[in-house]
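Shown next, in structure tokens, is the structure this report addresses.
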């Protein structure tokens, strides 16, 4: 039995729904992390911060905005995630549509190098979350403040690339999709 989606108008609609689900699901995951961390970040601003803590807050915030927001999201993750959603809209199979956010994140059917990067990055983020949770306020909030800036940039760039992709119908970047063997 052929597991690919081929054929008429219903398939085109399903693929478009899958692409929207991929982008919306990805934005929801990033948005939820942003929402959760913002409480700790803004709580830290209620403390009387020392000069040292204020310096760390500003430096860390600027670094995370650039490293996570610009380099991580705007130059890599966001355009690739949207390109993978566009791939679903054009060539999506049933598993791409059902698992669209996971596909857009790049957790499967991508190059070996990208798989290593995404799984290593995920493990690293989980490890850092577990460590940072142990920090007392205001230090936890100071660290989270930088992450909130990076995630905010990420959410904006996801929306921007999604808008641009649906308007121009061109890949912003190679979706890095490997051939489906099923």
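Highest average first, the peptides 131-137, 65-71 ordered by how many other beta carbon atoms sit within 10 Å of their residues are 65-71, 131-137. The length gained on full extension between residue 29 and residue 67, counted as 0.36 nm times the residue separation minus their Cα-Cα distance, comes to 11.7 nm.
For segment 47-68 versus segment 150-164, the inter-centroid distance based on Cα atoms is 23 Å.
Rounding to the nearest 10 and keeping the result within 0 to 90°, find how far the Cα-based axis of helix 139-168 lies from the longest principal axis of the chain. Its long axis makes an angle of about 30 degrees. Coordinate range of the alpha-carbon atoms in the chain per principal axis, descending: 65, 31, 23 Å. Note: relative contact order over segment 9-168, using C-alpha pairs below 8 Å and six or more positions apart, is 48 percent. In degrees from 0 to 90, rounded to the nearest 10, what is the angle of the helix 51-64 Cα long axis to the longest principal axis of the chain? Here the helix axis deviates by roughly 10 degrees.
Relative contact order for segment 90-182: 33 percent, from Cα pairs under 8 Å spaced at least 6 residues apart, divided by residue count. Between 0 and 90 degrees, the angle of helix 78-91 with respect to the longest Cα principal axis of the chain falls at about 20 degrees. With the helix formula -39500 (n - 2.57) applied to DSSP H stretches of n ≥ 4, the chain reaches a computed 222 nm mean residue ellipticity of -23500 deg cm²/dmol.
Ranked by the mean number of other Cβ atoms within 10 Å per residue, highest first, peptides 117-125, 158-166 order as 158-166, 117-125. From most to least packed by mean Cβ count within 10 Å, the peptides 58-64, 95-101, 81-87 give 81-87, 95-101, 58-64.
Read the figures in this text as sums done on the coordinates, not as results from a lab. If you're wondering where the values come from, they're calculated on a predicted model, not measured in any experiment. Cβ: placed from backbone, ideal geometry, glycine included. Neighbour counts: every protein chain shown.
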